[in-house]
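The values are calculated or read from the model by the stated rules, or taken from the named source; none is laboratory data. These figures come from a predicted structure and were not determined experimentally. Note: ideal-geometry Cβ built from the backbone for every residue, glycine included; neighbour counts use all protein chains shown. These area figures cover heavy atoms from the full protein model, side chains too; ligands, DNA and RNA do not enter into them. Shrake-Rupley method; radii C 1.70, N 1.55, O 1.52, S 1.80 Å.
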Amino acid sequence: MATQPLMNVFNRLSVAFEHGEGAWLYDTDGNKYLDALCGIAVTGLGHAHPAVTRAISEQAAKLVHCSNIYTIKQQEALAAALTRISGMENAFFANSGAEANEAAIKLARRYGHNRNIDTPTIIVMQQSFHGRTMATLSATGNRATQQGFEPLVSGFIQVPYNDVDAVRQVARDNSNVVAILVEPVQGEGGIHIPAPDYLNHLRQICDEQEWLLMLDEVQTGNGRTGRYFAYQHNDILPDVVTTAKGLGNGFPIGACLARGIAAETFTPGSHGTTYGGNPLACATALAVVNTIEQDNLCQRAAALGERIAHGFREQFGDAPYVQEVRNKGLMIGIELTEAGSELVVLAKIKGILLNVTGGGRVVRLLPPLIMTDHDADLMVNTVAQLIRVYAGEERDSAN
Ligand SMILES: *Cc1c(COP(=O)(O)O)cnc(C)c1O
């Protein structure tokens, strides 16, 4: 018999949080922690943001759920805001990033069948992450996510990330391709930032081949990289964009946005959801979107990201144990020369919440867009010292 009542799928740290405020979390023993992870790029507005709290409580007191068989004004208002911001034309709302990507994958397959392609195939990238449902884990470029869940969903071809020629090669070899699904910056894979014109090249290939360019902005969206969506750094428009994480600031919601022919591919009955886009989720997300715009938090994320990356580069100089400091706005990765997964626990002891990804070698920081300069500097100093001590360069001043 199982010894505890939760399924054993997470390696959890032994800390339970009781409340949060802004960039800070407080545990049940009264200790405080600087949240440099945001529940993995979710709470971009920090914890207990008054506009979000107000939207949740006011809407919860009126109407939580009805059904997508009725008109939902909050959903229409959120779709109007997101399409205006993104340059897309319409939206489907789901409850998570994986579900938003499921919608995109189904949309691409349907688009293929409409063009008489019977085995529509989607190009995906090595080291990518698209979710944990069967189709999205099949699209994910990480064997560890897939292992033990075969047979995988077919219809994906994997190529190296940031390799335009590899995509052109598939275009020559395979006439069943209908779309490319790609993250503008790979988050789970280890904060990999492609060449500045990578997305422009992919856009051009998709135009030539009549493929859909589908961007997974589940992690990069909602201001995190310094623009509302990361592709807005490139002056292109994708055909499909998915987002989730930062959209609800912790309230579960995902969105699949589309434009042009992709916006006309689904018809009534093609796809659906019971909870997706309910009044409470949409009222909450609308408050998040409005706050990001009104408080200029995209610009803030860009400036803060520069400050933090500069700070780390100054702190490390050409230290032999740091391979590279990378950032796009507030997606920040410190690639170490050796694995450093223990840093998660060591940082927690020092009162900082962070994460290590990319095969255990990339310290990942996803701090909130509302972080103060003071807290950002505190984060840089504490994390840099921690890495120096860990690398054996410095003794821990507390010991
Ligand atoms: C987190 C993530 C997902 C999955 O989102 P869930 O809400 O956990 O289903 C998909 N794509 C990317 C790029 C992500 O970072």
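Conditions (1) part of a strand (DSSP E or B); (2) modelled with pLDDT of 95 or more; (3) within 24 Å of the chain's Cα centre (by Cα), marked per residue:
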| site | (1), (2), (3) |
| --- | --- |
| Arg12 | no, no, yes |
| Glu18 | yes, yes, no |
| Leu25 | yes, yes, yes |
| Ile40 | no, yes, yes |
| Leu45 | no, yes, yes |
| Glu58 | no, yes, no |
| Ala61 | no, yes, no |
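Scanning segment 97-126 for residues that are more than 11 Å from the ligand (Cβ to nearest atom) and open to solvent by 40 Å² or more (accessible area, probe 1.4 Å) returns Lys106, Arg109, Arg110, His113, Asn114, Arg115, Asn116, Asp118, Thr119, Gln126. One residue is enough: does segment 203-212 have a residue meeting the conditions within 16 Å of the ligand (Cβ to nearest atom) and either out of contact with any strand residue (DSSP E or B) (no Cβ under 9 Å at 6 or more places or on another chain) or of a type outside the set (S, T, N, Q) (or both)? Within segment 203-212 (the criterion being within 16 Å of the ligand (Cβ to nearest atom) and either out of contact with any strand residue (DSSP E or B) (no Cβ under 9 Å at 6 or more places or on another chain) or of a type outside the set (S, T, N, Q) (or both)), the answer is no, since none of the residues qualifies.
Here Gln146 passes the criteria (1) in contact with a Ser or Thr (Cβ under 8 Å, 6 or more places away or on another chain); (2) buried (at least 18 other Cβ atoms within 10 Å of the Cβ) except the one numbered (2). Per the listing Thr225, Thr273, the residue uniquely among the hydroxyl-bearing types (Ser, Thr, Tyr), within 16 Å of the ligand (Cβ to nearest atom) and either over 20 Å from Cys298 (Cβ atoms) or without any contact (Cβ under 8 Å) to a residue 40 or more places away in the chain (or both) is Thr273.
Residues considered: Gly329, Gly277. Of these, the only one that is at positive phi and in the same structural domain as Ala384 (by TED's automatic domain parsing) is Gly329.
Tally the residues that are assigned to a helix (DSSP H, G or I) and surrounded by fewer than 21 Cβ atoms within 10 Å (Cβ to Cβ), restricting the search to segment 232-279. Please lay out each step first, then the result.
Quick first cut of segment 232-279, residues assigned to a helix (DSSP H, G or I) only: 232-233, 245-247, 260-264, 279.
Checking which are surrounded by fewer than 21 Cβ atoms within 10 Å (Cβ to Cβ) leaves us with 232-233, 260-261, 263-264, 279.
The number of residues fulfilling the criteria is 7.
When segment 31-55 is filtered for residues that are open to solvent by 60 Å² or more (accessible area, probe 1.4 Å) and not hydroxyl-bearing (Ser, Thr, Tyr), the ones remaining, listed by number, are Asn31, Lys32, Ala48, Pro50, Arg54. Within segment 228-238, identify whether any single residue is within 17 Å of Gly187 (Cβ to Cβ) and of a type in the set (A, V, I, L, M), and answer yes or no. Yes, there is a match, as at least one residue in segment 228-238 is within 17 Å of Gly187 (Cβ to Cβ) and of a type in the set (A, V, I, L, M). Number of residues in segment 159-183 that are in contact with a strand residue (DSSP E or B) (Cβ under 6 Å, 6 or more places away or on another chain), within 16 Å of the ligand (Cβ to nearest atom) and part of a loop (DSSP other than H, G, I, E, B): the value is 2.
The single residue among Glu324, Glu335 that is closer than 18 Å to Glu188 by Cα, free of Cβ contacts under 8 Å to residues at least 12 places away in the same chain and assigned to a strand (DSSP E or B) turns out to be Glu324.
Among the residues of segment 63-78, which ones are outside any loop (DSSP other than H, G, I, E, B) and either open to solvent by less than 20 Å² (accessible area, probe 1.4 Å) or more than 18 Å from Arg259 (Cβ to Cβ) (or both)?
Applying the first criterion (outside any loop (DSSP other than H, G, I, E, B)) to segment 63-78 yields 73-78.
If the condition is that a residue be outside any loop (DSSP other than H, G, I, E, B) and either open to solvent by less than 20 Å² (accessible area, probe 1.4 Å) or more than 18 Å from Arg259 (Cβ to Cβ) (or both), then Lys73, Gln74, Gln75, Ala77, Leu78 are the ones that fit.
Restricting Gly141, Gly187 to those that are in the same structural domain as Leu213 (by TED's automatic domain parsing), open to solvent by 10 Å² or more (accessible area, probe 1.4 Å), within 16 Å of the ligand (Cβ to nearest atom) and closer than 13 Å to Asp216 by Cβ reduces the list to Gly141.
Within segment 332-370, the set of residues being open to solvent by less than 50 Å² (accessible area, probe 1.4 Å) and either modelled with pLDDT under 95 or out of contact with any strand residue (DSSP E or B) (no Cβ under 8 Å at 6 or more places or on another chain) (or both) comprises Gly340, Thr357, Gly358, Gly360, Leu369. Assess whether Thr243 counts as being farther than 17 Å from Gln75 by Cα and among the β-branched types (Val, Ile, Thr). No; evaluated as a whole, the condition is false for this residue. Close Cβ contacts (under 6 Å, 6 or more residues apart or on different chains) running from residues in segment 137-156 that are under 16 Å from Val124 (Cβ atoms) to residues that are open to solvent by 80 Å² or more (accessible area, probe 1.4 Å) and part of a loop (DSSP other than H, G, I, E, B) comprise Gly141/Gln127.
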